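Data block below; observations after.
The values are calculated or read from the model by the stated rules, or taken from the named source; none is laboratory data. A quick note: this is a predicted structure, and the numbers were derived from the prediction, not measured. Positions of Cβ are backbone-derived with ideal geometry, glycine not excepted, and every protein chain shown enters the neighbour counts. In case anyone asks, the SASA skips ligands and DNA or RNA and just uses the protein heavy atoms, side chains included. Shrake-Rupley method; radii C 1.70, N 1.55, O 1.52, S 1.80 Å.
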Amino acid sequence: MPKTVVFRIKRQAGPDERPYWEEFEIPYQERLNVLFCLQTIQRNPVTRLGKPTSAPVWDQSCLEEVCGACTMIINGVVRQACTALVDELEQPIVLEPLTKFPLIKDLMVDRKRFFDDLKKSKTWVAIDGTHALGAGPGCSQELQQIRYALARCMTCGCCLEVCPQYGPERPFVGAAVLAQVRLFNLHPTGAMQADERLEEMSKPGGITDCGNAQNCVRVCPKEIPLTESIAALGRQMVGYGLRKFFTKS
Amino acid sequence: MSERAIIVVGGGLAGLMATIRICELGHPVKLFSYVPVKRSHSVTAQGGINASINVRGEGDSPQIHFEETIVGSDFLANQPPAKGMCDDAPNIVYLLDRMGVPFNRTPEGNLDFRGFGGTLYHRTAFAGATTGQQLVYALDEQVRRYEAEGLVEKYEYWSMQNILKDSEGRCRGIAALNMPTMEVTAFRAPAVVLAVGGPGLVFGKTTNSMINTASAVIRAFKSGARFANPEFVQVHPTAIAGLDKRRLISESVRGEGGRVWTYKDGKKWYFFEEMYPAYGNLVPRDIASKVIYDIVVNQGLGPDGGRYVYLDVSHIDDDVLRRKLGGVLEIYEKFMGEDPYHNPMKVYPAVHYSMGGLWVDYSQMTNIPGLYAIGECDYQYHGANRLGANSLLSCIYAGRIVGAPAVEYAGQELPEIPDSTLAEVVGREEQAFEEVFASDGEQNAYQIQDEMGEMMDRDVTIVRENAVLDKVAAELEDLDARAARVGLRDRGRRMNAEAIFTRELRDRLLYAKMIVKAARAREESRGAHYKPAFAKRNDDEWLKTTLVDYSAEELKISYEPVDISLLPLRERRYDVKH
């Protein structure tokens, strides 16, 4: 067992600043996760060479892999820092920020575009109001299980980081948003706006921009059936195309 | 967006629901959140949300829900608001269902309900074991719909620094910090709704998220907002220890049949089932935590002398576990590296929730006109102890009922507050940051945080003793003095997490002092507040709400009566059926 843990962390004070690397060494303990290592560095921010520095900044909230905040690239793999256990990682442990979103500072990025794309995709049920209108539509246990699996997406961005079609200069919304469209089209009431969502997803940046690399499904921490969802959406799109064609003619 | 918009601070369940209601009434909202709202702390809630829909034909009703909530609160909750919440609960769950929350289902396709603490009815609707996440997402989607319509403007990664008050003492907006740029801006608003959550970090490692800083409520408190019942802090009986935090193992695990045990005289001892034959493993949290503490600390009966007991679901079918508890068992598996489907889980109590919060009237308005508080940061619904699965409910209920009065209040014509007032507040906050930036002491804010958290967790949770509380009070003064001598390592003017944390730490220390002072004063045991020297509930002297005001840098304690107009006082028992 190693007595210490060595980190190599990419630092950058802001989007227009020059990036650089710093190494840190902290005492080893059992059950260390990367997140606690970052917290340890915060308590004594001195580099491996003994130079006092500032503590790296990162995004964090729940530390239970349910909020998606602490997503970063750890030894080249995009994942959450809270569930990244030191015992399962090679050293030095290399930490880098996500590359497809604007950098805020160090390991923290701004994933606002992700939420904006959800807005574009109209992934909500258009309820009539919050007043008492009785129970919602019935739902089979099977459908609930399918929808729940899709609904666990925490907008972390792992699938976007590894997608060759997704990037700051490209319109593609990515696998997570497409899976959300499927989620809402599967809901009995949500299905009433299915065509509106399909229309949005038929535009540039929608489903046709998917290059079928299938990287997304391999990195999803919640094992969401992303490629299966894109395929299902593709089939819905065929139906929608036909409906649109016949309505027009 | 116009200065007509109502400001909502906090994008968890309460803040999102308030935003939806205000928009539904046609009024615009500026929604401020420390993190993107979809990452709010509400996502960590696991077990479910209570509503007496009586799907199982057990004869459950909102009245019974109300009575159990009040008994669970050890009679410290004002009864009319709790009654309103329980009565509205079925509507709320139906609403969430209509929004598309993937609640678990019965074979017929109805909502499924499970058992939870403090009740013998199946009253808790759930979406796997990540119900909070699913509820946040549903409300987030509805807010996004209003955002697409232009009624909501989000300010994410913004932190409220203070409220703006006019010369009449009314709340007229906020000053907030854009954390990435470190700029403070003042925003006028006709009403402000605080939905800023609980004070988890005051107790260091808890089940709470790292964003539960306690800062925003303290800023409002220091600006004159009254606090109530800060000494009532819920310790959840079953969490797992981690280096970075304690992770919740939901009460729903017991609701689905999980059993708690340890060894005694070489045999498995199912102590809850023995001590509380009627409620068994589903005794309320205050009682369950106290029992586990006694068994582990006083009797030394943790397995192998360890600081834990076993929570066991290995007798339940794997498929049922996966469908109903998958999310929480996954957390155990990922962080403990053990298979909870076939091995008992090692659990121990951890700080979880604050029943106390900002004092509010029945329309959720604080003592400051125009300033409302909802969700965990209010004190309204849970008295001395909250029942499991009532927190998601109280957050959404408060968010739901605050909309109409806030919009009505916002409709009045008030003289415009001058730019100079805004500039003055912004200047004060900027100055406070400049002082932090200039600080050149020898202390590290994160280390002081650790010391405060460890002490509060050790000395001010399950068991409270006056002599210990006095020591803690003195120690908090020392920590506060040290916190004034922090040496900042990061002097950058962009997303300076250290500077922000350093200022928030002082807020947490004040929150801690408030808890300790209120706990020291209350000489009885009620709900989560347990003093061995005053081991019984004392209704004659202490059936009253603690109020705390901040004036001239002092914490002033007073009391007001509890509204018990709907349900007569009775002894709280769980060994027999009520």
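Segment A:196-249 and segment B:516-561 have their alpha-carbon centroids 59 Å apart. Inter-chain neighbour count for A:63-75: the average number of beta-carbon atoms from partner chains within 10 Å of each residue's beta-carbon is 6.
Taking A:D195, A:D116, A:D209 in turn, the Gaussian network model of chain A (Cα-Cα springs below 10 Å) assigns the largest fluctuation to A:D116. Surface listing: B:H27, B:H578 arranged by accessible area from highest to lowest gives B:H578, B:H27, probe 1.4 Å. Using just its DSSP H runs of length 4 or more, each adding -39500 (n - 2.57), the protein assembly as shown gives a mean residue ellipticity at 222 nm of -11000 deg cm²/dmol after division by all residues.
What is the antiparallel percent of DSSP beta bridges lying wholly in chain B, to the nearest 5? Each step should come with its number before you reach the end.
Numbers: 50 of 67 bridges.
Restricted to chain B, the bridges split so that about 75 percent are antiparallel.
Using a 1.4 angstrom probe on the protein heavy atoms only, could you order B:M182, B:M452 from most to least accessible area? List each step's numbers first, then the result.
On the way: B:M182 30, B:M452 0 Å².
I get B:M182, B:M452, largest accessible area first.
Listed by chain and number, the lysines placed with their C-alpha closer than 23 angstrom to that of A:K222 are A:K100, A:K112, A:K119, A:K122, B:K38, B:K245, B:K324, B:K334; residues fewer than eight positions away on the same chain are left out.
Using a 1.4 Å probe on protein heavy atoms only, how many Å² of accessible area do B and A hide from each other, summed over both chains and rounded to 100? If you can, show how the numbers build up before the last one.
Numbers: alone 21330 and 13580 Å², together 28720 Å².
It comes to approximately 6200 Å² buried between B and A.
For the protein assembly as shown, DSSP calls about 75 percent of its internal beta bridges antiparallel.
The length gained on full extension between A:V6 and A:V46, counted as 0.36 nm times the residue separation minus their Cα-Cα distance, comes to 13.2 nm. Only Cα pairs under 8 Å and 6+ residues apart enter the sum, and on that basis the relative contact order of segment B:95-156 stands at 27 percent. Among A:A126, A:A149, A:A191, the largest mean-square fluctuation in a Gaussian network model of chain A, built with springs joining Cα atoms closer than 10 Å, belongs to A:A126.
What shape does segment A:4-109 take by its C-alpha gyration tensor, where a ≥ b ≥ c are the square roots of the eigenvalues and a/c under 1.5 counts as rounded, a/b above b/c as prolate, and the rest as oblate? Verdict is oblate for segment A:4-109. Sparsely packed loop sites in segment A:29-130 (the GluC sites (Glu not before Pro) outside DSSP H, G, I, E and B with at most 14 other Cβ atoms within 10 Å) comprise A:E30, A:E90. Given the C-alpha centroids of segment A:94-120 and segment B:2-74, what is the distance between them in whole angstrom? Going from one Cα centre to the other spans 28 Å.
Need one value for B:34-42: mean number of C-beta atoms belonging to other chains within 10 Å of its residues' C-beta atoms. Intermediate values should be presented prior to the final figure.
On the way: counts 1, 7, 11, 1, 10, 13, 3, 3, 2.
That works out to 6 on average.
Surface composition of segment B:419-538: carbon plus sulfur atoms hold 48% of the accessible area, using a 1.4 angstrom probe and ignoring ligands, DNA and RNA. For B:D540, the accessible surface of its heavy atoms amounts to roughly 150 Å² (probe 1.4 Å, protein chains only, rounded to the nearest 10).
When the solvent-accessible surface of protein heavy atoms is calculated with a 1.4 angstrom probe, in what order do B:E475, B:E183 fall, highest first? Can you show the working numbers first?
Working: B:E475 70, B:E183 110 Å².
In descending accessible area the options line up as B:E183, B:E475.
Separation of segment A:136-173 from segment A:8-58 is 32 Å, based on Cα centroids. Take each residue in B:79-87, count the other chain C-beta atoms within 10 Å of its C-beta, and the mean is 0.
The heavy atoms of A:F115 offer some 20 square angstrom of accessible surface to a 1.4 angstrom probe.
A Förster radius of 45 Å combined with the Cβ-Cβ distance from A:E23 to A:E223 puts the calculated FRET efficiency at roughly 0.85.
Shown for segment B:460-501: residues covered by the partner protein chains by 40 Å² or more of accessible area relative to the chain by itself (probe radius 1.4 Å), namely B:R489, B:D490, B:R494, B:M495.
Shape call for segment B:1-126 from the C-alpha gyration tensor, a ≥ b ≥ c root eigenvalues: rounded (a/c under 1.5), prolate (a/b greater than b/c) or oblate? Walk me through the intermediate numbers first.
Numbers: a/c = 2.12, a/b = 1.62, b/c = 1.31.
Cα axes put segment B:1-126 in the prolate bin.
Any idea what the dipole of the protein assembly as shown comes to, in debye rounded to 20, about its Cα centre with Lys/Arg Cβ at +1 and Asp/Glu Cβ at -1? Value, rounded to 20: 1200 debye. Under the shape rule built on the C-alpha gyration tensor, where the axes satisfy a ≥ b ≥ c, the protein assembly as shown is rounded, since a/c falls short of 1.5. Our summary gives chain B a relative contact order of 22 percent, counting only alpha carbon pairs under 8 angstrom and 6 or more residues apart.
The amide H of B:G117, built 1.01 Å from its N in the peptide plane, has B:G388 as neighbours under 5 Å, considering only residues 5 or more places off or on other chains. Structure remark: mean-square fluctuation, Gaussian network model of chain A, C-alpha springs under 10 Å; the largest value among A:I26, A:I73, A:I224 belongs to A:I26. Straight-line reach from B:K267: which lysines have Cα under 19 Å away, leaving out those fewer than 8 places along the same chain? Within the straight-line limit of under 19 Å, B:K267 reaches these lysines: B:K346.
The GluC sites (Glu not before Pro) of segment B:106-151 that meet both conditions, a loop assignment by DSSP and at most 12 other Cβ atoms within 10 Å of the site Cβ, are B:E108, B:E149.
Percent relative contact order of chain A, based on C-alpha pairs within less than 8 angstrom and at least six residues apart?
Working: 395 pairs, mean separation 39.9, N = 249.
Normalised by residue count, the contact order of chain A is 16 percent.
Among B:275-283, B:193-201, what's the highest-first ranking by average C-beta atoms within 10 angstrom per residue? Write down the numbers at each step before the final one.
Values: B:275-283: 18.8, B:193-201: 31.0.
Per-residue mean Cβ counts within 10 Å order the peptides as B:193-201, B:275-283.
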